[in-house]
Every structure is written in structure tokens, then in C-alpha cells.
Amino acid sequence: MPKKDNLELPRIVKILDIVEENPDVKTIFFEDDFEAYPGQFVMVWIPSVDEVPMSVSYLGEKKGITVKNVGKATSSLCKLKPGDKIGIRGPHGTFFEATGDSLLVVAGGIGIAPLAPLMENAHNIGKQITLAFGAKSKSELLFINRLKGCSRELNISTDDGSLGFHGFVSDLVEDILKKQSFDEILCCGPEIMIKKIADLAKLNGIPLQASLERYMKCGVGICDSCAIDGFHVCIDGPVFSGKILSELADFGRFRRDACGRRVEL
Amino acid sequence: MPKKDNLELPRIVKILDIVEENPDVKTIFFEDDFEAYPGQFVMVWIPSVDEVPMSVSYLGEKKGITVKNVGKATSSLCKLKPGDKIGIRGPHGTFFEATGDSLLVVAGGIGIAPLAPLMENAHNIGKQITLAFGAKSKSELLFINRLKGCSRELNISTDDGSLGFHGFVSDLVEDILKKQSFDEILCCGPEIMIKKIADLAKLNGIPLQASLERYMKCGVGICDSCAIDGFHVCIDGPVFSGKILSELADFGRFRRDACGRRVEL
Amino acid sequence: MPISDCDKMVDIATTLPGLKLKNPTILAAGILGETGASLENVAKAGAGAVVTKSIGIEPREGHGNPTFVETEHGIINAMGLPNPGIDNYKDEVESIIGTNIPVIGSIFGADAQEFEILAVEMEKFGVSALELNLSCPHAKGYGAILGHDKEKVLEITKVVKGAVKVPVYVKLSPNVSNIAEIACAVEDAEGDGIVAINTISAMAIDIDMALPILSNAIGGLSGPGIKPIGLRCIYEIKAETELPVIGVGGILSGNDAIEYIMAGASAVQIGSGVYYKGIGIFSKVCQQIQEFMDAHSYKTIKEMVGIAQKG
Amino acid sequence: MPISDCDKMVDIATTLPGLKLKNPTILAAGILGETGASLENVAKAGAGAVVTKSIGIEPREGHGNPTFVETEHGIINAMGLPNPGIDNYKDEVESIIGTNIPVIGSIFGADAQEFEILAVEMEKFGVSALELNLSCPHAKGYGAILGHDKEKVLEITKVVKGAVKVPVYVKLSPNVSNIAEIACAVEDAEGDGIVAINTISAMAIDIDMALPILSNAIGGLSGPGIKPIGLRCIYEIKAETELPVIGVGGILSGNDAIEYIMAGASAVQIGSGVYYKGIGIFSKVCQQIQEFMDAHSYKTIKEMVGIAQKG
Ligand SMILES: Cc1cc2nc3c(=O)[nH]c(=O)nc-3n(C[C@H](O)[C@H](O)[C@H](O)COP(=O)(O)OP(=O)(O)OC[C@H]3O[C@@H](n4cnc5c(N)ncnc54)[C@H](O)[C@@H]3O)c2cc1C
Ligand SMILES: Cc1cc2nc3c(=O)[nH]c(=O)nc-3n(C[C@H](O)[C@H](O)[C@H](O)COP(=O)(O)OP(=O)(O)OC[C@H]3O[C@@H](n4cnc5c(N)ncnc54)[C@H](O)[C@@H]3O)c2cc1C
Ligand SMILES: Cc1cc2nc3c(=O)[nH]c(=O)nc-3n(C[C@H](O)[C@H](O)[C@H](O)COP(=O)(O)O)c2cc1C
Ligand SMILES: Cc1cc2nc3c(=O)[nH]c(=O)nc-3n(C[C@H](O)[C@H](O)[C@H](O)COP(=O)(O)O)c2cc1C
Ligand code: FES
Ligand code: FES
């Protein structure tokens, strides 16, 4: 980890717009002049509340993070209004790199956040993209128009069958892989899902890149809070290759809580 | 005083040669890659002894300081041998600039140290140099061959008449100025002598640059130890114009001791 | 927005007990303060007030050279309180009294009696306030050795307060386990304010010579690297006392000054900044403070004092 | 001169009571030490020993985020001693015992009894030595609050010494007025060595938000800016005790390590350096130490330990 130029100190940015993507998810747009690659994340400081990792979901001049309200920090984020200020540290971490020509992108719920900009970039340089996007229910989908514009094929699955394939996205992917092959699979979502996709990728001999989540504190590789078998999700990840994932004993099974305890996923 | 690039921290240099200039004066040569102008000084750290200001008397690739043994620090310096190490901070301060074509250089004793390189440089670009060099006695002169090579006229005075003009160098200068005019006078030596030369320069309407000495500690303009009427010899000097000197109430009259007391020269 | 416009809306004047400052920047003790003429230069350069060199009873040479060394993150000095002694200092102070800004007399002594004598003399010279140096970390028997001890701080402050009319500020050392406790002692003694921080005890070693660089081996660290420590001290003091505080330590810019003000300082002092930026630093910092206040709609310094205190 | 040649002449191994280290670099407590696998990586990267995260009796989340902020001259953390608790930590430690380097178990407790329990457990897990954290500046009731008090240091060290066979090092806080006195208490209690320094109490304020950045407001400063302070602490401790000392604070290069060694450290720890240079820092620092020793004709680390001590 070579030292970066900019200090690891929150840059204060003003919120420009907020878009409600679905009842639980909002995209917060702000102006900041960092350059990020798809899959990288920033540490977002919500003053007097918390600082949490968030993937950069819009990489252009106007940056965006897409937040699912799941607890204290995220609900505070979802309550912010244009003009409010947040602090941004980063971008941090590894990123998705589409090296092949035909890509299978697999997203579970909010896992679409880092994948959407990857798809846009890859589409712009002529890659063929098949998307398999799963959610619990139709109402939890997001970015649909954005995704249509950059995928050759858009497959949706919902656990409750309210739209598209009825079942888990991993089952959908299994079906897709029976019919078609790809140069690469790029994936983000709940770790149990990633694990299943990793198994499928291995079975089908397709290289995988997947983004993991772990509890983060420093975000720069020293506090060990985001450790997974000696790797650090904040600097060695969040995006890992299938090859590395297959060497991680904890992958798909254990995470660390805020105390550093190893707990089941 | 804009901040310099290099830290104000002694650079350790190895002594290459030592030349005995006269019974009390030695030139210590060392390798250091700073660039200095004639009249600038360095702070010389003699480990476990002291750190004292010394003019840079040789400015080429091999740097030199020319030290007169007058006390503890200087006698320690004079005892050093080739291969020994000293610390060098700087160069610091203002410097002599020969702007005119005909120069009168006036040196008293060890005051020749910063003037010799000035003369060499000025001679090399075709300036006409007249030197008036005074010492207590013949045995206290130094650099004579070096000076011959770069002055059109070399006038010597000794207080005891053992060589050249018998009397003070200021009297010699008075004589010279009766016969000849110059574009500029450049001067270094005991302050009483400088004061007399400053008076003569004023009388004759010739611009003056002269180098002063004051007790130095920080060498960088913050400790106030080298103060003279609000100026600091370490950064506003050591080389001052005659115009500024004429505004200094203490010039030629008072100095500050190590406690900051104003004492007579 | 041009400065002239800012001027109309933003007021950077500040007040401290017994002192009105046209701006919150003050020259710190020991920097350019040995001679009256240098203090006058700093006044002309735009400081809101100046503190003198710390003055003792007798003339004192201080430690031998080297007394100054720079590191990558600050400077370390071991001047050792050189000063001409209170009697010889009379002329220096008197030459600047009556110029347009307050002069704060810094003094150091070995005990309450010495402080009392010095305080009375300084007051006679005409200073607007006193600063008791109970915090120099590198002069045996003076400064921090007294300032580490609550009882001594209480005693010295009380004695000086009883002897003079001008406001009395006490300058504290960060080299303690609980600076707020020492500040409380000043409050108990009815001192008028706190100045924090003095330098932090530190050293540098030359590995080539295998020797400490400073003749005294140990000196005091100042400059940009100590700012986070100074801020914490102000924050802690402000959380536990009502006393006005003057913040000092590593201030090089208007933003640094504002951090101190938000931590709780009513004014700031600048020492090493003079080395890093020259004496132009006082007007520059004022300009930057003004610009910040303007951009963030603060009208007075007072509004900002201590607003980063939680709860 | 190629390293292979240096190797033959220069020996960078060092010894501490009960420990033989192949080189003087040790991973500092709290950096990459929460999990066994991370400690193992640091061992593989070339450290001479590793210190675990400081472990307490119960699982502890530590302070909320932000817990980390960088300044220009160092980093400030307020992790607040998060740790899985001694029972859960068993697996982590045991996974690395028996790898090729010593593991030093860092523990923190609220009193001597807690320290005793933790020490006994850690010893059972198989650590080669213990490090008592009496110095964390930002966790209420633990660390520095004990380490500021000579009596407590004496008591805790004695109790732990009486309970275990492995050597016991005590990690001290620089946030005191006389660190050497505290070190003497460790010596009186027959502790085996000192580790100094822990972080320095500090803070950063965001002036735009007008708030402290860390959730705990106050954190601990580490990294390059604190080196002059750490050096001074080692120098002072070494001047007043016979105890071996492990130096820590702002070490980023071999030259930094040598400064600490010359001030009196028998070995050094590296914490923030992992942030600045990555875990390659351990082998890099060793290489630089070797090169320096070679160029200056030192044959062993021991020759250099404390040579900058005056008198
Ligand atoms: C690399 C990375 C990228 C992420 N990108 C996104 C994104 O684009 N959109 C999005 O909505 N969420 C994202 N997350 C997850 C997001 O960080 C958590 O949802 C958020 O921290 C929850 O905080 P809370 O207080 O709202 O919930 P809590 O009630 O505190 O906890 C809910 C869950 O979030 C986890 N969590 C809490 N704090 C942290 C933390 N500091 N670091 C990691 N996990 C934490 C908890 O462990 C728990 O599993 C990302 C996480 C990581 C590691
Ligand atoms: C800008 C400048 C350039 C100089 N250049 C030269 C030079 O090229 N050659 C040379 O021989 N000498 C030079 N000197 C003078 C030299 O610094 C002193 O002779 C030396 O410091 C004496 O130290 P000491 O311990 O040997 O003598 P001491 O016995 O300590 O004192 C003898 C005299 O030197 C003065 N002195 C002592 N320490 C200092 C100090 N830190 N700063 C200034 N004066 C001091 C004393 O005030 C006293 O007047 C220069 C001085 C200055 C200010
Ligand atoms: C060269 C120097 C001399 C100092 N002398 C004194 C002094 O005489 N009395 C005093 O109270 N503080 C003295 N100080 C401490 C400063 O006043 C100030 O408290 C400290 O340097 C921190 O501020 P800074 O980072 O702005 O320099 C001195 C500092 C320096 C660098
Ligand atoms: C993120 C972080 C966590 C730390 N956690 C601990 C800890 O748990 N126990 C401890 O004794 N010291 C802890 N420290 C202090 C370091 O061990 C070390 O003493 C200090 O950082 C100074 O060294 P450095 O400048 O090399 O980082 C921590 C430091 C950092 C930066
Ligand atoms: S969050 Fe601290 S190591 Fe990754
Ligand atoms: S020597 Fe310190 S101001 Fe000149």
C-alpha cells in the first residue's frame, strides 16, 4: 500500500441532489473531484453520527453514493437534504476490471451500486454485458432504466416472484450459464449469494471478480477490523478475484463483528 | 523570509583538507553540495562543543571556512584533522553583490574570509578590483596569493607597520579615496572599522555593502539574539547596504551579548 | 469577494480580560521578543498583541549552541531562557509601550517571590498584561518544573494576582497528565486566563555523530506537528474551566487559528509560524480568518469560540 | 555494497529479557493485530516479533466511527480498544504460536486483578512475553489513566510478575510530566522492560462542520510527528533506569530506528509506519539498519544501544 497524496481526512462536500431509488434506497449526489474506479468505496462521515463505507455509484463529475437504509448511519444519510454537508474520505480499495469481451454481471439488491458504473464504462467501450439482478421483491429493484441502457440482456429475479425469474439470482445464473458462456463474471451482493456465484464460476471455469463487505474502521489497512484470513477488505479488496476468494477459509461462512469476533454470516 | 527547501538540521560533512593560513587562522575544506553566494555564512556544529556562524570562504565544489582561533569553539575547530566530521547548517543570509565595475574591497583581518570569494567571482567577470586589506601585523595577513590573482591593486596596511601602510586600514582607504573613485565599496572586518569606512563611503557618495557580526543562536530569524534595531543579522544580514547601516542606531556602537544585553562594542 | 467587502461584515476583533485586540493573532513568547525594536516590527506587521521574551531576575545566557534544530514536522529549541534580566529589559519594553497594540510581559522565576518581583517590575514598565511562564520544558528549576505542580501553580498565580493590577495569564505546559487540572488551579487562584501550549519536551539525535543535536540534548518541540496536541489541550481546558484561553502551538494559517478558536481559544499566539512564513504571517492569518468567516457567515470571533465543544 | 556482503559482517539480531529477535523491528500493538492471520502476514513480511492487539476481559466494540483521521504530520486514532475479549482471542493467538518469531501478548484491564487474569490466560495461549498497556489515551478507565499513576503501575506490574513466568514489558504513556519516574516504578516492581511510547493525546477539528472529527473527539497521535517526543522519552527513561527499552513512535525508516536505538532502545516497534509504507516496512527498515551499520562499522545492535546518552 503505497502512501497516497491526499490526506485521509474527510473532505467536506455539499449534497447537490437526492434521488429516491426505491422506498429504502436513495442516491446522494455531491461534487468532489476525486477519480474513482467502479467498485471502489469512500468512507462517508455523517457528522455526530458515524462514518461508514459506501461504494461510489456515480463516478462522473457529479459523484454519487446509493444508500440502503438498514440502520442508524444509513437512515441518517437517507434523511439528509440537498445543501447538507457530509465528509468524504477516499476513494479506497481495489476495483472491477472488465478484461474480457462478454461479461456476466451478477448483482444482489444494493450490490448493484458498484456494478452499475462498471457496466456503463464497459458498455461504452463496446463490451457485451448480460446482467442478472436479483432482489427480494420488485419494489427493491433500482437503477432499472440506467441498467437497460448498458446491458445487452437484463435478467431479473425476485425471491417472491413479483418480477422476472421467481427464485434466487444464483439459480437464475445457473440457468444462464447452462445456455451461454462468458469471459468473466463480476459480482456484488450478500456474501451467501457471492459464494454460490463463486462456486458456479469455478464449476464453469469462468474468472470471477466479486466485492465483499466487512466492518470497517480505519479504511486504510491498519486496524485489522475488516480482516478476512489475513487480507483486508479495505485495501486488498473490496473486489477480490475468484482465485483469492477460493483460498479464504472465512469466505461465505464468517465475518468479524465490531469487536473483532468471528461470527457466522 | 520564505521557507527554504532543506531542513535547518546539521548536515554531517567530512573534513577533506586543512590549510594553515597564518598562526591563528586555518581554512577547513569539506565537501557539501550547497550553493552559496559570497558573504553568506553557515552554522558550523562542532559536536559536544558549540555551533557558530562562519562565512563560506571557498564556494566551489570543495567548500571552505576560514577560522580565526579566538576562543573555545574556534580553537576546537582549529584542532580538527582531515577525516573528522562537523555539521553544517545553511548557507544563510544576504550576500555581497558587485553591481558596479570598479570596486573597492576593504577587509580587516579575518574579514577577508567572505570577501575573497567575492573578489574571485567579480574578477572572473571582468570587474576592476582595488583591495585595501588591513591587519594588526604582517603575520596576521592571509590569502595573499589568492588575492593577488584577482585584484588590480592590492594595498596592505598593518597597525604595527610590519608591512605596507603603517596605520589603520581606514586611514589607508581615506588616502585611496582622495586619489581615486569607485562604483562601490564592499567591506568586512571589525565593526569599528566598518563604521569608519561607512562614514568615508557616505562622504564620498559611494554605495557601500558591509557585513556585520552579531551573536547568533537560531540563525533563522526567530530567537532575536542577533537583533540590531529590529533587523536580524542572520536573515536581513550579514551584508547590509550603507543606507540601512546609516539608519541603525546601534551600528558601530552597541552589540548584544548572549543574554541579549546591549553592550558597547 | 474582495477583502474590503469582507471588512464591512466581519469583525475579527476579540477581547480578553483587560485586553481589547484588533485581531486574534498574538506574537508568542520567545520569538523576536528579546528587543523592543523587533517587537515593534511585529506590531507593524499586523499582530493584535505581542508577548515579550520570558524575562527573569538576572541576565542569563541560556544553553550553549546548538539551541535550534528543525525536524520534518516542527522545530526543537533549547534556548534555555536567555534574557537580559528584568532591569536591562526596561528599555526594551518601554520603547514599545504606547505603540498601537497591547504588550504582554512574559516572566519566569524560580518561585513565587521571584515571580512577584518580576510582575511588579513589568507592570511598572507599562505592560497591558502578564504571562507567567510555568511551562518552559528545558531550563532547570524554572518553567515546567513549577507548572507540573498544581500547588505551585496555585501559589504563584495567587501571589502575582495579589501584587499587580494588570490581568495575569498563566502559560501551561502540555507535558502533564491532566492539563485541565492545572488550569483549574489557575482558576482557583483567580488568574485571568490560560495560555496553552508551551513546547513539548523532545529531542533529535544525529546518528552519524551518535549524539543529541542540541547542546542540552532535550528541547521543546513546536511548529505544525504539535497542533493536534495543542488543540486537545485547549479543548480539555475549556471543558473544565470558565477561563478565557489563548491557543498556541503550530499555527501557520487562518484555518489553524480557527481550529483553535473552535476548540475554545479567544485568541491565538504564533511562534514557529514566524520561522515558516516570516512576519507577514500575522496579517496573512487575519486575512484568512476573515475570508473563512465571510464564507461561513460568522460575524464575530466570539461566535466561533468553543463551538466544537461537544454536548 | 550488496546486502549479501553486509550480512557477513553485520549482525542485526537483538536480545531482550526472555526474547531473542532476529532483527530489532517489532509490530506495535493495535496495528493488524486483531486476527492471527494478519499477525502471521507481518511475521512473514520480516518483523522480528509481533505484538497482539491489546486484549481485555470482555468483547468490546471500541468507539464509534470516525476512529481514524490523518493530519499532515501523523495520524490520530480513537479506536477505543476494540477487541474480541480474551476467550475469543485464544484461537487467534494459537494460530500463530510456533511460527518462527516471538509473539508478545498485549493486555489491558481496569485493575491489577483484571491484568492478572489476562496475563495468566495469555501465557497459557503460549505467548513469549506480555506487554501491559498502561497507556492508551482514549479509553475511559483503562490504559493511561492507570499509567499516569506510579503506584498503580507498581501494583499492576508486581501482581502480573507474580502470576506469570514469561517476561513482562510495560508500555508507557508520554502524556505524563515525568516518564522516567513511571519507568522507575516498573523497575521497582521487577518488570522486565519498558515499551515507549504509546500515542499522544490529541485531536483534530473540522472547521467547516465546526466539530471534532473523531467520534470520541480526543484520540491518540502517532506517526512521524511524534518521533522527537518518543526519542526524548527513551532517552529520559534510559538515563534513570537499567531496564531494557523498546522504542516506538514515528518510525518510518532505518534511520529513525537507529535514532531510537542510539537514544537507548534495544529494539523498536512500528505501528503507523505500516500505514505510510505498507507491511514491507519491516524488511526495508532492517535493510536500512544493516546498510547504516555497515557504512559506519557497527557490528552489532548492542554497540549502538544508548550511545547518544551523554556523560
Ligand atoms: C466496501 C463496502 C461498500 C459498501 N457499499 C455500500 C453501498 O454502496 N450502499 C449501501 O447501502 N451500503 C454499502 N455498504 C454497507 C454499509 O456500509 C452498511 O450498510 C452501513 O455501514 C450500515 O450502517 P448503519 O449504521 O446504517 O447500520 P447498522 O445497524 O450499524 O448495521 C447494519 C449492518 O451494517 C454493518 N456496518 C455497520 N457499520 C459498518 C462499517 N463501519 N463498515 C462496514 N459495515 C458496517 C453492520 O455490521 C451490520 O451488518 C458497503 C460496505 C462496504 C464494506
Ligand atoms: C555572519 C558571521 C560570519 C562569521 N564569519 C567568520 C569567519 O569566516 N571566520 C571566523 O573566524 N569567524 C567568523 N565569525 C565569528 C565567529 O563566529 C566567532 O569568532 C566565533 O563564534 C567565536 O567562538 P569561540 O567560542 O571561539 O569564541 P568565544 O570565546 O566564545 O567568543 C569570542 C567572540 O565570538 C563571539 N561569538 C561566540 N559565539 C558566537 C556565536 N554563536 N555567534 C556570533 N558570535 C559568537 C563572542 O560574542 C565573542 O565576541 C563570523 C560571525 C558571524 C556572525
Ligand atoms: C525559539 C523559541 C523560543 C521560545 N521561548 C519561549 C519563552 O521564552 N517563553 C515562553 O513562554 N515560550 C517560549 N517558546 C514557546 C512559544 O512561545 C510557543 O508556546 C511554542 O513555540 C508553541 O507555539 P508555535 O508552534 O507557534 O511555536 C519559545 C519557542 C521557540 C520556538
Ligand atoms: C490504529 C492504532 C491502534 C492502536 N492500538 C493500540 C493498542 O491496542 N494497544 C497499544 O498498546 N497501543 C496501540 N496503539 C499505539 C501503537 O502501538 C504505538 O504505540 C503508537 O502508534 C506509536 O507508534 P507509531 O508512531 O509507530 O504508530 C495503536 C495505534 C494505532 C495507530
Ligand atoms: S478497516 Fe482498518 S484494516 Fe480495513
Ligand atoms: S540568530 Fe536567531 S534571530 Fe538571528
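Would you mind computing the Rg to Rh ratio of the range A:102-264 from its alpha-carbon coordinates, Kirkwood style for Rh?
Working: Rg = 15.8 Å, Rh = 16.2 Å.
Answer for the range A:102-264: 0.98.
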> Given labels modelled 7 Å from the Cα in the Cβ direction, how far is it in nm from B:GLU31 to A:VAL70?
Replying inline: 6.3
> Suppose every K and R has +1 on its Cβ and every D and E has -1 on its Cβ; what is the size of the dipole of the protein assembly as shown about the Cα centre, in Debye to the nearest 20?
Replying inline: 840
> What is the Cα coordinate range of the range B:4-91 on the first, second and third principal axes, sorted by size from largest, in whole angstrom?
Replying inline: 38, 27, 23
> Dividing the alpha-carbon radius of gyration of the range D:182-223 by 2.2 N^0.38 Å (N being the number of residues), what value is obtained?
Replying inline: 1.82
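At R0 = 51 Å, how high is the FRET efficiency between A:ASP160 and C:ASN255 if r is their beta carbon distance? Nearest 0.05 is fine. Could you put the intermediate results ahead of the total?
Working: r = 53 Å, r/R0 = 1.04.
Using R0 = 51 Å, I get an efficiency of 0.45.
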> Expressed as a rounded percentage, what relative contact order does chain C have, with Cα pairs under 8 Å and six or more residues apart?
Replying inline: 20
> the range D:59-111 to the range D:119-139: how many Å between their Cα centroids?
Replying inline: 10
> Hey, if you put +1 on the Cβ of every Lys and Arg and -1 on every Asp and Glu Cβ in the range A:102-264, which of A:GLN180, A:GLY242, A:ALA107 ends up farthest toward the positive end of that dipole?
Replying inline: A:ALA107
>> Tell me the Rg and the Dmax, in Å, that the Cα atoms of the range C:1-85 produce.
In response: 17.0, 52
>> Between C:ASP11, C:ASP192, C:ASP208, where does the largest GNM mean-square fluctuation fall for chain C, given springs only between Cα atoms within less than 10 Å?
In response: C:ASP208
>> For the range C:204-311, I need the span (max minus min coordinate) of the C-alpha atoms along each principal axis, in Å, sorted largest to smallest.
In response: 54, 34, 18
>> Bins of 5 Å, beginning at zero and ending with the bin holding the largest distance: percent of Cα pairs per bin for the range A:79-132, please.
In response: 4, 15, 22, 17, 15, 11, 9, 5, 1
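Give me the mean projected area, in nm² to one decimal, of the convex hull enclosing the Cα positions of the range C:56-166.
Numbers: hull surface 31.9 nm².
The Cα convex hull of the range C:56-166, projected and averaged over all directions, gives 8.0 nm².
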> What does the helix-only formula give at 222 nm for the protein assembly as shown: each DSSP H stretch with n ≥ 4 adding -39500 (n - 2.57), the total divided by the residues, and the result rounded to the nearest 500 deg cm²/dmol?
Replying inline: -8500 deg cm²/dmol
> What is the distance in Å between the Cα centres of the range C:179-200 and the range D:172-231?
Replying inline: 21
> Under 5 Å between amide H atoms, partner at least 5 residues away or on a different chain: which partners does D:ALA265 have, H built in plane at 1.01 Å?
Replying inline: D:GLY306
>> For the range C:118-271, take N as its residue count and report Rg(C-alpha) divided by 2.2 N^0.38 Å.
In response: 1.07
> Which whole-number percent is the relative contact order of the range B:4-91 (Cα, under 8 Å, 6+ apart)?
Replying inline: 39
> To two decimal places, what compactness ratio does the range D:246-285 give when its Cα radius of gyration is scaled by 2.2 N^0.38 Å?
Replying inline: 1.03
> How long are the three semi-axes of the equivalent ellipsoid of chain D, in whole Å, if each is the root of 5 times an eigenvalue of the C-alpha gyration tensor, listed from largest down?
Replying inline: 27, 22, 20
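Using the beta-carbon distance between B:ASP175 and B:ILE144 and R0 = 25 Å, what value does 1/(1 + (r/R0)^6) give for FRET efficiency, to the nearest 0.05? Can you show the working numbers first?
Working: r = 21 Å, r/R0 = 0.82.
Efficiency for this residue pair is about 0.75.
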>> Which residue, C:TYR89, C:ILE179, C:VAL268, has the largest displacement toward the positive end of the dipole of chain C when charges sit on each Cβ (Lys, Arg +1; Asp, Glu -1)?
In response: C:VAL268
> Counting only other chains, what is the mean number of Cβ atoms within 10 angstrom of the Cβ of each residue in peptide D:86-92?
Replying inline: 2
> Just for the Cα atoms in the range D:151-229, what are the lengths along the principal axes, largest first, rounded to whole Å?
Replying inline: 52, 25, 21
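Given a Förster radius of 22 Å and the C-beta distance between A:SER102 and A:ASP199 as r, what FRET efficiency does 1/(1 + (r/R0)^6) yield to the nearest 0.05? Walk me through the numbers before you get to the answer.
Values: r = 21 Å, r/R0 = 0.93.
Result of the calculation: an efficiency of 0.60.
Using +1 on the beta carbon of Lys and Arg, -1 on that of Asp and Glu, and nothing else charged, what's the dipole of chain B about the Cα centre, debye to 20? Numbers along the way, then the final one.
Details: 32 positive and 36 negative charges, 75 e Å.
Result for chain B is approximately 360 debye, rounded to the nearest 20.
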> Simple spin-label model, 7 Å along Cα-to-Cβ: A:ASN124 to B:GLU247 in nm?
Replying inline: 6.0
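At a threshold of 8 angstrom on Cα-Cα distance, excluding pairs fewer than six apart, so keeping six or more, what relative contact order does the range B:102-264 reach in percent? Each step should come with its number before you reach the end.
Numbers: 302 pairs, mean separation 29.8, N = 163.
After rounding, I find 18 percent.
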> Picking from C:VAL245, C:VAL164, C:VAL153, which is most flexible by a Gaussian network model of chain C using Cα springs under 10 Å?
Replying inline: C:VAL164
> Of C:GLY141, C:HIS296, D:GLY250, whose Cα points farthest to the positive end of the dipole of the protein assembly as shown (charges on the beta-carbon: +1 Lys, Arg; -1 Asp, Glu; origin at the Cα centre)?
Replying inline: C:HIS296
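If you average 1/r over every pair of different alpha-carbon atoms in the protein assembly as shown and take one over that average, what Kirkwood value in Å do you get?
Values: mean 1/r = 0.0306 Å⁻¹.
This gives a value of 32.7 Å.
With both partners inside the protein assembly as shown, how many of the DSSP beta bridges are antiparallel, as a percent to the nearest 5?
Values: 108 of 210 bridges.
For the protein assembly as shown, the DSSP antiparallel bridge percentage is about 50.
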> What whole number of Å gives the distance from the Cα centroid of the range A:193-265 to the Cα centroid of the range A:107-138?
Replying inline: 20
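Bear in mind that the values in this text are calculations on the coordinates, not laboratory data. Every value quoted in this text rests on a predicted model; they were computed, and no experiment measured them. Neighbour counts are summed over all protein chains in view; Cβ atoms, including those assigned to glycine, are modelled from backbone coordinates with ideal geometry.
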